Amino acid sequence: MMRIVILGPPGAGKGTQAKSLAEKFKLTHISTGDLLRENVKENTALGLKAKEFIDKGELVPDELVNEMVTKKLNSLKDGFVLDGYPRNLSQAKFLDSLLKETRRDSFIIYLDTSEKVVIERLSGRRICSNCQAIYHIKNMPPKKDSLCDVCRGTLYQRPDDTVEMIKKRLQVYLKETQPILDYYSDRIMRISADEPKEIVFRQILENIENDLHKK
């Protein structure tokens, strides 16, 4: 049973690659951001607890996030691609404790992306205010400026997708993530994610295949 964890800075393409890998290997794609939103929307016990922190503008504690992830993983019968988790060293160690008996078939992938590419990708991102479809003014523009192709909703730029905010987010991310990279240093696959998504995906597959042969 294959288990894949994808790490990388904002704009690295984690979601895109996670979906492609899930489709390729018939795995379940788990986005912790989506998982958190689902629990809040459905008013689960965990979601209600998380909402208290979200409403105050605070980070959801590791304990709650870990519990959501554990519950989701325990509900699966197949493998998975985990996107957006772990976000810190504590979460990485917790995830290892969950997967310790299946570490042989686990893959840790880091999408190494330059600041220039991250800024270009995120600053050009536009989101539909209605259906949340994502576009890019250069790489995937809508057919009509500022309107969603799907539902004709208005496209907008997230407040944190400005160049200044992106640079700040990157600094925070790299500072928080370095301990995770050090922790996984003996088994992490570092993939250059500056290339087009098709090339990045091919590099990931080649690395997984090589690793499987070694095991």
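The values are calculated or read from the model by the stated rules, or taken from the named source; none is laboratory data. None of the values given here were measured: they were computed from a predicted structure. Cβ: placed from backbone, ideal geometry, glycine included. Neighbour counts: every protein chain shown.
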- Quick check, is K93 closer than 30 Å to D182 by Cα, at pLDDT below 90, not acidic (D, E) and not in a strand (DSSP E or B)? no
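Yes or no, residue by residue, for (1) of a type in the set (G, A, S); (2) under 9 Å from the mean Cα position of the chain (by Cα); (3) farther than 21 Å from L89 by Cα:
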site: R3; (1), (2), (3): no, no, no
site: G8; (1), (2), (3): yes, yes, no
site: G13; (1), (2), (3): yes, yes, yes
site: A22; (1), (2), (3): yes, no, yes
site: F25; (1), (2), (3): no, no, yes
site: H29; (1), (2), (3): no, no, yes
site: T32; (1), (2), (3): no, yes, no
site: K41; (1), (2), (3): no, no, yes
- Query: Considering only residues of the stretch 43-69 that are of a type in the set (S, T, N, Q) and either within 20 Å of the chain's Cα centre (by Cα) or surrounded by 11 or more Cβ atoms within 10 Å (Cβ to Cβ) (or both), which is farthest from A22 (Cα to Cα)?
  - Reply: T44
- over 26 Å from D62 (Cβ atoms) and of a type in the set (S, T, N, Q) - does that describe any residue in the stretch 163-181? no
- Mind checking which strands (runs of 3 or more DSSP E) fall wholly inside the stretch 98-215 and carry at least 1 residues that are at pLDDT 95 or above and among the aliphatic types (A, V, I, L, M)? 106-112, 188-192
- Item | Matching residues in the stretch 14-45 - criterion: being closer than 20 Å to I109 by Cα, aliphatic (A, V, I, L, M) and in contact with a helix residue (DSSP H, G or I) (Cβ under 9 Å, 6 or more places away or on another chain) | L21, L27, I30
- Is it the case that some residue within the stretch 174-185 is among the aliphatic types (A, V, I, L, M), surrounded by fewer than 17 Cβ atoms within 10 Å (Cβ to Cβ) and farther than 17 Å from K14 by Cβ? no
- Query: What number of residues within the stretch 17-39 satisfy the criterion of being surrounded by 18 or more Cβ atoms within 10 Å (Cβ to Cβ) and without any contact (Cβ under 8 Å) to a residue 24 or more places away in the chain?
  - Reply: 0
- Task: For the stretch 62-81, state whether one or more residues are aromatic (F, W, Y), more than 27 Å from M140 (Cα to Cα) and not in a helix (DSSP H, G or I).
- Result: yes
- Message: I'd like to verify a number: residues in the stretch 70-122 that are buried (at least 17 other Cβ atoms within 10 Å of the Cβ), within 30 Å of S146 (Cα to Cα) and of a type outside the set (A, V, I, L, M, F, W, C), how many?
- Response: 5
- Query: Within the stretch 130-151, is even one residue surrounded by 14 or more Cβ atoms within 10 Å (Cβ to Cβ), in contact (Cβ under 8 Å) with a residue 60 or more places away in the chain and in contact with a Phe, Trp or Tyr (Cβ under 7 Å, 6 or more places away or on another chain)?
  - Reply: no
- Residues of the stretch 186-198 that turn out to be surrounded by 13 or more Cβ atoms within 10 Å (Cβ to Cβ) and closer than 15 Å to K24 by Cα, as a count: 1
- Item | Selection count, the stretch 40-61, where residues are without any contact (Cβ under 8 Å) to a residue 24 or more places away in the chain, part of a loop (DSSP other than H, G, I, E, B) and aliphatic (A, V, I, L, M) | 1
